[in-house]
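Read through the structure below, which is laid out as structure tokens, and then see the notes.
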Amino acid sequence: MKAKKHFGQNFLNDEGIISLIVSNIVNVYDHDSQVIEIGPGRCAITLPLLDELGSLDVIEIDHSLYPRLRDLQSKKPGLTLHEQDVLNFDFAKLAEEKNSTLQVCGNLPYNISTPILFKLYEYSDLLSHCHFMLQKEVVDRITATPGGKNYGRLSVMLQTRFEAEKLFEIPPEAFDPAPKVQSAVIRLTPYSTPKYAIGDEAFFSKVVQLAFGQRRKTLANALKPLLNQSIKDKLGDYLSQRAEQLEIAQFVDLANTLKMP
Ligand code: SAM
């Protein structure tokens, strides 16, 4: 069966890399948690994970993969298949049904990896350690610190809720077909208590989006729609800086100050 580009299908076929991914997931497995894999595909990670854990939920969109997955489900009762688009999947419902946190993992379809990450961001309080294979460039953006070109909206938003750790890189030859880019595996661990006191989450997100929307401009320019003279006086030095210069705590302070009556 041919891999489908529109579903971001690059199947892992390197046994060493597969074991490395599985052992990283299993090593931090929290027994009160349910592991859920996004995009099992041809079951490269699914089978060894299921053998290690005994129970695994998987979400797959591609109908042509269902016969094999259904067959596997009938032989391995610990496997639960969700025949669905992950972007419509109700993680809160699953967490409630299982009465547990969710440990999400997957070799993500690269074409929709950012929407998946932002979706999981919304569910961060239901998650425990998550492991994703992504384009290396995306992992570098998530883990970036201020001052460089990789630091942006993805870094700030995800790092407000997760500790982000790049685990290892994977070359294109480990996949079939080989992608044109390098890949890497990241571990995202949600903070058990909030690390930042964000007053209004939706407003914070808007500020970060506006700030990086014009990242070469000073914040005085990028945030113009939100500013008036009295707010400018309160924001002091922030406005002469560019978004990429601000630490996350400073973004939080900036948004909270902007929101003050
Ligand atoms: N886990 C397998 C592996 O490592 O070989 C396959 C990984 S492949 C990069 C991505 C998988 O995600 C494919 O099985 C693809 O069909 C599935 N997928 C793509 N878009 C999806 C979506 N919106 N919801 C659920 N699964 C999706």
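Shape call for the stretch 144-228 from the C-alpha gyration tensor, a ≥ b ≥ c root eigenvalues: rounded (a/c under 1.5), prolate (a/b greater than b/c) or oblate? The shape class here is oblate.
Share of the stretch 23-124's accessible area from carbon and sulfur, percent, 1.4 Å? Answer for the stretch 23-124: carbon and sulfur cover 47 percent of the accessible area. Taking a point 7 angstrom from the Cα of Asn111 along the C-beta vector, which residues in the stretch 65-97 have backbone N less than 15 Å away? In the stretch 65-97, the label zone of Asn111 (backbone N under 15 Å from the point 7 Å along Cα→Cβ) covers 85-87. Here is how the number arises for the chain: DSSP H runs of 4 or more residues each give -39500 (n - 2.57), the sum is divided by the residue count, and the result at 222 nm is -11000 deg cm²/dmol. Put simply, the Cα atoms of the chain extend 67, 40, 31 Å along their principal axes, the longest span coming first.
A viscosity of 1.002 mPa s and a temperature of 20 °C, combined with the Kirkwood radius over Cα pairs in Stokes-Einstein, give a translational diffusion coefficient for the stretch 201-258 of 194 µm²/s.
Cα centroids of the stretch 109-130 and the stretch 1-73: how far apart, whole angstrom? The stretch 109-130 and the stretch 1-73 have Cα centres separated by 17 Å.
Surface composition of the stretch 201-258: carbon and sulfur make up 45 percent of the accessible area, probe 1.4 Å.
Entry comment: accessible area of the chain is 48 Å² per residue, from protein heavy atoms only and a probe of 1.4 Å. Pairs of Lys residues in the stretch 150-261, spaced 8 or more positions apart or belonging to different chains, with C-alpha separations under 30 angstrom: 23 in total.
With the convex hull drawn around the C-alpha atoms of the stretch 97-147, the volume per residue stands at 101 Å³. With the simple model of a label 7 Å out from the Cα in the direction of the Cβ, Lys76 to Arg242 spans 4.8 nm. Residue separation of Lys180 and Gln229 scaled by 0.36 nm, minus their Cα-Cα distance, works out to 12.7 nm of gained length.
Along the stretch 129-142 the Karplus relation, 6.51 cos²θ - 1.76 cosθ + 1.60 evaluated at θ = phi - 60°, assigns HN-Hα couplings of 3, 10, 10, 9, 9, 9, 4, 3, 4, 6, 4, 5, 6, 5 Hz to successive residues, with x for each Gly and Pro. Close amide H pairs (under 5 Å, H built 1.01 Å from N) link Leu12 with Asp176, residues at least 5 positions away or on another chain.
Protection proxy ranking, highest mean first, for peptides 112-125, 67-80, 227-240: 112-125, 67-80, 227-240, where packing is the per-residue count of other beta-carbon atoms within 10 Å, averaged. In this structure the amide hydrogen of Ser128, modeled in the peptide plane, comes within under 5 Å of the amide hydrogens of Leu102, Gln103, Val104, none closer than 5 places in sequence on its chain.
By accessible area, using a 1.4 Å probe on protein heavy atoms only, the stretch 143-182 has 49% of its surface on carbon and sulfur.
The values are calculated or read from the model by the stated rules, or taken from the named source; none is laboratory data. Predicted model only: the values in this text are computed from it and were never measured. Cβ sites come from the backbone with ideal geometry, for glycine too, and all protein chains shown count toward neighbours. Quick note on the areas: whole protein, heavy atoms, side chains included, nothing else; ligands and nucleic acids left out. Shrake-Rupley method; radii C 1.70, N 1.55, O 1.52, S 1.80 Å.
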